[in-house]
């Protein structure tokens with residue numbers, strides 16, 4: 001059961017990496033190069049300005065410091081008490097821009113990347129390797145042969161990582177070993193005809209994901225059953241469950257994803273109320 005859409009905020013160039021944290025929705029804007037936090041009433045605060053760097057995935061360490069994916073630098077940055085440092089360098093693993101990230105409860109981060117230069121060779125996807133970043137910033141290669149590992153979630157018990165493959169039209173699951181290593185790879189759900197982008201897990205085990213190949217968000221269950229489709233006024237690129245009861249689905253939309261979005265200010269954040277509250281991470 002899904003209610004109608006309501007506009008929360010406009011004026012985005014391209015929103016990405018939404019996270020519900022400390023009573024607000026935090027998100028990155030690729031082309032405004034900033035991290036924002038917005039209240040449920042639409043009041044927005046600038047958290048961080050990265051200058052010329054593009055931010056993407058967000059997450060938090062156990063001590064409350066903020067992790068931010070720096071896309072073109074292929075780094076994970078850490079903001080701690082106002083000081084911004086390089087937490088991890090992913091350039092030996094990421095073969096082009098980095099993108100989304102999910103951070104486990106112990107601070108281990110799982111960071112995806114495009115896999116190849118999509119801006120100049122869109123028609124020939126190449127597989128990518130997921131980066132595993134330890135809490136101390138050490139970087140290790142995770143699973144490979146992923147077709148643009150993008151939005152990802154971790155189940156509430158912390159034992160399963162589910163990775164959306166944008167150009168694989170599927171979600172792939174991994175067991176998380178006690179040391180954070182992903183293993184026991186398996187297909188969680190195939191979603192042919194879609195391009196899974198940002199996603200969020202609910203308490204009933206469903207995943208809501210933004211379909212970058214269409215205009216809307218989709219809810220699926222393990223095995224691939226689709227329970228809900230919700231069209232949006234513009235293409236949807238990310239979504240997150242949050243709000244006071246966890247049942248508000250925040251949806252980030254824009255007319256497109258290319259660099260021509262810079263300065264456009266025509267992207268938006270929409271909200272709707274869904275049946276099951278958010279669960280797990282992010």
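Residue 280 is checked against (1) within 22 Å of residue 31 (Cα to Cα); (2) surrounded by fewer than 24 Cβ atoms within 10 Å (Cβ to Cβ) and fails just one. What number does that condition carry?
Residue 280 satisfies all of (1) within 22 Å of residue 31 (Cα to Cα); (2) surrounded by fewer than 24 Cβ atoms within 10 Å (Cβ to Cβ) except (1).
So that you can scan it fast, the table gives a plain yes or no per residue for (1) in a loop (DSSP other than H, G, I, E, B); (2) buried (at least 18 other Cβ atoms within 10 Å of the Cβ):
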site: 31; (1), (2): yes, yes
site: 42; (1), (2): yes, no
site: 52; (1), (2): yes, no
site: 76; (1), (2): no, yes
site: 94; (1), (2): yes, yes
site: 106; (1), (2): yes, no
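For the stretch 11-22, indicate whether the set of residues that are out of contact with any strand residue (DSSP E or B) (no Cβ under 7 Å at 6 or more places or on another chain), over 15 Å from residue 250 (Cα atoms) and at pLDDT below 95 is non-empty.
no
List pairs: first residue in the stretch 222-233 and in contact (Cβ under 8 Å) with a residue 12 or more places away in the chain and on the phi > 0 side of the Ramachandran plot, second residue part of a loop (DSSP other than H, G, I, E, B) and surrounded by 13 or more Cβ atoms within 10 Å (Cβ to Cβ) anywhere in the structure, Cβ distance under 9 angstrom, at least six positions apart or on different chains.
224/191
Give the residues of the stretch 11-23 that are farther than 17 Å from residue 266 by Cβ and surrounded by fewer than 18 Cβ atoms within 10 Å (Cβ to Cβ), sorted by residue number.
Within the stretch 11-23, 21, 22, 23 qualify.
Among (1) assigned to a loop (DSSP other than H, G, I, E, B); (2) surrounded by fewer than 17 Cβ atoms within 10 Å (Cβ to Cβ); (3) free of Cβ contacts under 8 Å to residues at least 60 places away in the same chain, which single condition is residue 194 missing?
(2)
Could you count how many residues in the stretch 224-253 are in contact with a strand residue (DSSP E or B) (Cβ under 6 Å, 6 or more places away or on another chain), assigned to a loop (DSSP other than H, G, I, E, B) and within 23 Å of residue 146 (Cα to Cα)?
1
Which condition from (1) farther than 12 Å from residue 272 by Cβ; (2) without any contact (Cβ under 8 Å) to a residue 40 or more places away in the chain; (3) crowded, with 22+ Cβ neighbours inside 10 Å is the one that residue 236 breaks?
(1)
Please pick out the residue among 100, 80, 49 that is within 26 Å of residue 146 (Cα to Cα) and at pLDDT 95 or above.
Answer to the selection: 100.
Being more than 18 Å from residue 241 (Cα to Cα), touching a residue at least 24 places away in the same chain (Cβ under 8 Å) and buried (at least 19 other Cβ atoms within 10 Å of the Cβ) is true for just one of 67, 8. Which residue is that?
67
Any idea which of (1) under 17 Å from the mean Cα position of the chain (by Cα); (2) surrounded by fewer than 18 Cβ atoms within 10 Å (Cβ to Cβ) is the one residue 244 doesn't satisfy?
Of the numbered conditions (1) under 17 Å from the mean Cα position of the chain (by Cα); (2) surrounded by fewer than 18 Cβ atoms within 10 Å (Cβ to Cβ), the odd one out for residue 244 is (1).
Of the residues that sit in the stretch 148-172 and are surrounded by fewer than 19 Cβ atoms within 10 Å (Cβ to Cβ) and touching a residue at least 24 places away in the same chain (Cβ under 8 Å), which one is farthest from residue 126 (Cα to Cα)?
Ranking the qualifying residues of the stretch 148-172, first place goes to 156.
Is it true that some residue in the stretch 259-276 is within 18 Å of the chain's Cα centre (by Cα) and surrounded by fewer than 18 Cβ atoms within 10 Å (Cβ to Cβ)?
no
Scan the stretch 206-215 and tell me whether some residue there is touching a strand residue (DSSP E or B) at 6+ places or on another chain (Cβ under 8 Å), outside any strand (DSSP E or B) and buried (at least 19 other Cβ atoms within 10 Å of the Cβ).
For the stretch 206-215, residues touching a strand residue (DSSP E or B) at 6+ places or on another chain (Cβ under 8 Å), outside any strand (DSSP E or B) and buried (at least 19 other Cβ atoms within 10 Å of the Cβ): present.
The values are calculated or read from the model by the stated rules, or taken from the named source; none is laboratory data. Remember, it's a predicted structure, so these values are computed and weren't measured experimentally. Note that each Cβ is placed from the backbone with ideal geometry, even for glycine, and that neighbours are counted across all protein chains shown.
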